[in-house]
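Data first, discussion second: the structure below is written as structure tokens.
Every number in this text was worked out from the coordinates using simple rules, so none of it is lab data. Just so it is clear, the model here is predicted, and its values are computed rather than measured. No Cβ is skipped: glycine too gets one built from the backbone with ideal geometry, and neighbour counts run over all protein chains shown.
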Amino acid sequence: MTTRRGIFFSSKSRSVDTNLILTDKNPSPTKIESSDIINNEDPSSSSSSNSQTSPPKSTATIATGIVKKKLILKSSKRTLTKTIYSGPRKIFSTSYKANRAQLNHKAFFGGETDEYNLDHNEKTSSIQQISKNSLFVKSKSTDNIRTTTTTIIENGRTKVVCPRDQKKMYTVVPNIRQPTTCEELGETQSYIDDMDFFLAGFQADKLLSSRCLSAVKFAELCAKPSFRMHLRTESALVRVLDILKDAPELPSLNLCTAFILYVLSSDTLTSGINPSTVRLMIELVQKSSSKNNNDDEEYKKMKQRIMVIINQSSQDDIFYEQRLNTCDIILETFVNISRNNLKEWLRNEARTLNGYDIMIDSISSIVQDLSNNDFECYTLDQILIRYRKVCRYINMLEDFCSDNSEQTSSSSNKDINRIYIAQYSQYLLFHSLSKLLDLSLVWFKQYSSTNDNNSNENKTTTASSVKTDNTDEIKTSNPRDIFRDGCKTIMSILVILTNDCEVHCDHLTTDDRFFSNLFRLLVSIEQSSLTNEDKFDALALTLNLLINLVQNTKHVYKHLMEDNMPGGSSKKIYEYLADLFCEQEDLAAKAESQEENDWMMEDGEDDLDQRLGIQNPKNANNENGANFNRALQKAAGHMENTFVAAFTGVVLGVILLRDCATYASQIQALMPQKKFDTMAFILKKFFIFMQMSHAFTPSGVKILDEITSLVLSLCG
């Protein structure tokens, strides 16, 4: 009878046949105990199966012999020569006879009562040494049935073997799989079972509630990376979306399908996103906006279920219940896609399928919702979740209209996308960004003062309350940082939309409120308690936008020279810019004095041309490039101040390009030492940096070269 006891067994149970028993007194193998030897005789070859004795073996080695067997097949006699291995067999042998376990019925049922009860028997062992290289251990288990196991230690390796006649006491299991293989097979089988279940539940002949429930469960599984890996390898998403092709017409299934796409977009590999998927996403939004879902009970049920899943898994408060719909979920899906290597075909698909329309309309609606908060109907948390959402949408639009240098996209497509986004619905995006900037400045000032007051109060608190106050401070300081980042987001996308585009700049400057908010933002950032890095980012982006507006329009420079600063100040705008230039240049000079001398200032002569290295430009280009690289390596915080001063100098330089004869004397009177030498030095350094880093467009480099040449001509 063949028996199996499982795949887990003790490896120490293996033994090899040995007939030598040594004692410590007599280390040589001279005595053989026949009583310790168990009969290995085949019961089929002997008539007396009750006999348990056999002649003792006189050798201690494992023998291999050549035996001739006769096989008689159909009265024909064949002689087969076969090598029989009489030594210990491997546990994992592939031979069937080596792995089988048999029960000796006569010995088992005819023995004593406690013969096979190993718990009532004493175990003794003796360790005896044969040689320096081998060590044998003999153990006894019972009186009637003596199981001899031998432990052999050879060359530092330990082996526990069992005699051949004791093999029936052990169960041998072949073809054991590794744990990792079992785990992989289990995951694959689980995936196959889940997909069969979901594909059956997605079928159109099922109930709508069952299809929606299967879609939500499928979205939960898609949140697991291992499940998404199988989706990518099997291309199962194509089959799922093909079955759900009628989802746009059913509001509840429409919402659930959008949620599936949102969960899949969280993967950095954006599994399954292709042109057909993008068309389905746009169709889901368009169909959902044309239907009223307020009376649909199944839609409300699925909406609540999705909201529960989002609150359990998400940490950033991406969605809120008042705006949880198909359009919002699909736009958040586009946000995730735009972060992960946005493809050029997706930019074109979004434009041709009216995807940009959906994005801009959503930005406008959220800004309108925030601007209607005149009576403070929203709490701070409600304001922040809406503000973060609109900033994410703006960043997404910026990614869609910006140029990706890693991909070979034509400039015409990039310009088409920029023009489409800016001019959609009569410059709706510009109006929304102007409103949002106005709100951001109000909230930034409000929570900047609140944060300063909280920081002063925290200094007087006791040590026991420092931890709790720090957590509260983080929460109260977050609004200021969020609104500051929002201002930077607005400036960043406007810099892209107004770059080398006179039409956009003209339309943007017609909004007087927006134009004054630019300088309100400059003053607010400069006077805030932000770090130098945070100040630099906001100031650089704002000044960069101002450069575009002054450069691409014909009348803005007059406003800079004639208008006053906003807020009832009597100071002219150009006077504020000149003061900002002098302040930043002074901070940069102080920072440079504390470090090693800058490469531009190593020459102590007063000749500006020699300091700038422009006597022989052909020979000086390579030398200036090498020196500039060394300067970048040892430059620290003063580079930020130098850049802000350079941006301000470019604005003033564009004014000089427009009308140098009229405004040169007014600007020169506000410069350090009432000379243009310092401005020329800063602009030249900035010009070399732009050449080395390729940070400006060719038109920008050309304008900067003209400004630098003009300012150098005014020196002396």
Debye log10 I(q)/I(0) for the stretch 217-304, one point scatterer per Cα, at q = 0.10, 0.13, 0.21 Å⁻¹: -0.25, -0.43, -1.02
Bins of 10 Å from zero: percent of alpha-carbon pairs in the stretch 231-368: 11, 43, 39, 7, 0
Phi-based couplings in Hz for the stretch 485-497 (Karplus 6.51, -1.76, 1.60; Gly and Pro marked x): 5, x, 4, 5, 5, 5, 5, 5, 6, 6, 4, 5, 6
Pairwise centroid distance, computed over Cα atoms, of the stretch 224-270 with the stretch 648-700, Å: 55 Å
Placed amide H near Thr150: partners under 5 Å, 5+ positions off or other chain: Val16, Val161
Note, ³J(HN,Hα) from phi for the stretch 682-689, Karplus 6.51, -1.76, 1.60, rounded to Hz, x at Gly and Pro: 5, 5, 5, 4, 5, 5, 5, 4
Given Lys217/Lys300; Lys224/Lys303; Lys343/Lys414, the pairs whose alpha carbons are separated by over 19 Å: Lys224/Lys303
Note, ³J(HN,Hα) from phi for the stretch 548-563, Karplus 6.51, -1.76, 1.60, rounded to Hz, x at Gly and Pro: 4, 5, 6, 6, 9, 10, 9, 10, 5, 4, 5, 5, 5, 7, 10, 7
Sequence ranges 345-351, 330-336, ranked by mean other-Cβ count within 10 angstrom, highest first: 330-336, 345-351
